[in-house]
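Encoded as structure tokens, the structure appears first; notes follow it.
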Amino acid sequence: MTKVSGTARVVALVIVLGIAMPLHAQICPPSNIKYTPRTSSGAFLSAGDLEALRAQLPEIFGLDTWVDSTSTAPGLVFRNSYPCEVDLRDVTLVHRGMRMHLWFDVLLLPGGFLTIDGLPFQDADFVFDRSGISAEWIQSAPASSWRPIGEMGRTPGTTPLARDCPSTLRLDDAGLLAIRVGRQSPSERRQCVAYLVSALSDTAKAELRERAAKGIPAIASLIDDAAVLDPLIRCVAHYPDPAAWYCNLALNYLTSHSYGYQFFMRPAGAPAPASDPQRIVDDWRSYLSRPGGARHAIFDAFLREQSLHAMQDVVNALRRAIGTALPGHPILPYLDEYAAHLQIQGGLPWETILDFHNSEAQPHSAFFAPREWLPGTPLQGVRVQLLRPGIPRPATGDTSTDHALRLSAEAATYREEFRNLDLEIRLQITTTDETLRAAAVKEVRDALAGLRAADRTGR
């Protein structure tokens with residue numbers, strides 16, 4: 001094994017509320033494992049053969065797979081995406097009728113690079129001997145590091161890594177936990193979530209409790225069972241227990257509500273906001289007691305899908321109304337590209353889910369250079385927001401992180417709340433044409449029939 005240089009582990013979290021959609025991005029120092037397959041005679045594979053191998057591989061949660069065909073040692077590259085660690089267990093490759101199963105079992109931290117030479121392709125199973133490999137640094141390993149699968153476990157370097165929930169939690173790495181839970185089956189995931197929730201109540205093991213509380217925000221977008229909410233609220237009530245900070249963050253990410261967010265996220269030494277932990281707990285309990293209760297409290301895959309379709313329907317409805325009244329208006333391509341590229345990501349600690357805002361004063365597009373929107377048309381601007389309204393009068397006041405960016409109810413031309421789903425649409429049409437305004441409102445109201453039906457069944 002060859003170590004070349006060290007890389008500090010730096011992870012920064014950037015959260016952006018965009019004009020078109022909220023984005024949740026983790027900026028990761030690059031890290032990858034590169035494997036150089038060889039032909040049965042020991043030569044490097046061609047670019048075409050490498051592409052054929054890459055095409056065989058299933059999608060691996062947390063990794064991007066690509067081909068490096070330009071270097072002196074071409075190969076398959078397994079690169080970190082989000083979260084930031086590279087956790088590669090095993091892959092199966094088939095080439096010219098031969099099947100090769102390779103048990104890598106390697107974990108790299110951000111900034112770590114490992115190049116592994118391959119044995120001549122053959123019908124066989126091998127395990128990589130990771131003796132001397134660290135989770136960091138730039139390293140390389142010769143083909144002799146591959147051992148017959150029968151030797152697995154005979155040396156520390158070939159002992160399989162424990163990837164179960166308790167073992168991963170002991171590593172105190174929430175990003176790695178997210179990777180491994182993301183690869184689990186639904187039943188395994190439920191077991192892991194149940195283990196994390198039970199750990200929150202273990203008063204005898206403060207370190208385990210805090211690690212479990214850290215882990216739940218990392219996997220929030222994978223959780224759909226509202227049974228986790230009450231234990232998390234009880235955990236928040238134990239403030240100043242350090243776990244309370246993470247439990248409240250987990251609630252923020254699970255529900256897309258920011259109750260308590262400013263209290264727990266204030267900079268060290270800053271004065272505490274007027275809200276106190278008991279008021280925060282009261283807000284969470286009131287939220288679970290609202291119409292709809294806990295059933296749709298979590299902004300899960302079902303709600304993300306409903307929200308996506310509803311927003312697409314609304315934007316397309318606006319496109320029809322405006323296109324009929326003002327053919328060729330500059331806003332039309334904005335509406336088209338917004339609906340075509342719309343995405344929704346879970347696990348964000350704020351109430352605004354989607355925000356389309358375009359006007360003659362501020363025409364925005366992330367995808368194309370639009371035609372100039374000159375003043376003087378009957379339509380000056382359009383804004384549509386989809387948000388989670390939550391409880392009407394929080395005990396902590398309106399401390400939502402996106403409050404200043406939200407279209408007020410009073411300024412909305414049309415708004416409709418779907419209380420059982422905890423969703424609300426707000427529409428603002430800025431126009432001098434009352435006929436256009438009325439037509440747009442009617443089209444939008446009609447377009448919300450699907451979300452209205454889902455809300456009725458969501459009781």
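The values are calculated or read from the model by the stated rules, or taken from the named source; none is laboratory data. As the structure is a prediction and not an experimental result, all values here were calculated from the model. With ideal geometry, Cβ positions are generated from the backbone for all residues, glycine too; neighbour counts draw on all protein chains shown.
Within the range 316-364, being at pLDDT 95 or above, under 30 Å from Ala297 (Cα atoms) and not aliphatic (A, V, I, L, M) holds for one residue alone: Asn316. Among the residues of the range 84-105 satisfying the criterion of being among the β-branched types (Val, Ile, Thr) and surrounded by fewer than 21 Cβ atoms within 10 Å (Cβ to Cβ), which is farthest from Ser31 (Cα to Cα)? The qualifying residue farthest from Ser31 (Cα to Cα) is Val94.
Criterion applied to Thr430, Thr396 was being modelled with pLDDT under 90 and either over 18 Å from Leu348 (Cβ atoms) or surrounded by 14 or more Cβ atoms within 10 Å (Cβ to Cβ) (or both), and the one residue passing it is Thr396.
Among the residues of the range 101-124, none is identified as farther than 14 Å from Pro37 by Cα and over 31 Å from the mean Cα position of the chain (by Cα). Here Ser307, Ser289 are screened, and the one residue that is touching a strand residue (DSSP E or B) at 6+ places or on another chain (Cβ under 7 Å), closer than 23 Å to Leu249 by Cβ and modelled with pLDDT of 90 or more is Ser307. Whether a residue is at pLDDT 90 or above, part of a loop (DSSP other than H, G, I, E, B), at positive phi and not assigned by TED's automatic domain parsing to the domain that holds Leu249 was assessed, and Gly390 passes this test. Within the range 146-169, if we keep just the residues that are surrounded by 12 or more Cβ atoms within 10 Å (Cβ to Cβ) and assigned to a helix (DSSP H, G or I), the residue that is farthest from the chain's Cα centre (by Cα) turns out to be Glu151. Condition test on Thr36, is it over 30 Å from Leu387 (Cα atoms) and at pLDDT 95 or above? In short, yes. Annotation: of all residues in the range 233-275 being within 22 Å of Pro389 (Cα to Cα) and without any contact (Cβ under 8 Å) to a residue 24 or more places away in the chain, the one that is farthest from the chain's Cα centre (by Cα) is Phe264.
Annotation: Ser408 fulfils all but one of (1) under 30 Å from the mean Cα position of the chain (by Cα); (2) surrounded by 14 or more Cβ atoms within 10 Å (Cβ to Cβ); the unmet one is (2). The helices (runs of 4 or more DSSP H) falling completely within the range 224-292 that include 3 or more residues that are surrounded by fewer than 16 Cβ atoms within 10 Å (Cβ to Cβ) map to 277-289. Entry remark, the range 88-113: residues being among the aliphatic types (A, V, I, L, M) and touching a helix residue (DSSP H, G or I) at 6+ places or on another chain (Cβ under 8 Å) number 3 in total. If you go through the range 434-459 and keep only what is modelled with pLDDT under 95 and surrounded by 15 or more Cβ atoms within 10 Å (Cβ to Cβ), you end up with just Gly458. Reported count of residues in the range 114-134, each being surrounded by fewer than 20 Cβ atoms within 10 Å (Cβ to Cβ) and within 16 Å of Pro29 (Cβ to Cβ), is 1. Would you please name the residue that is modelled with the highest pLDDT, looking only at residues in the range 154-210 that are touching a Ser or Thr at 6+ places or on another chain (Cβ under 9 Å) and of a type in the set (Lys, Arg)? The selected residue is Arg180. Within the range 430-453, which residues are charged (D, E, K, R), within 16 Å of Gly323 (Cα to Cα) and part of a helix (DSSP H, G or I)? Hits for the range 430-453 are Glu434, Arg437, Lys442, Glu443.
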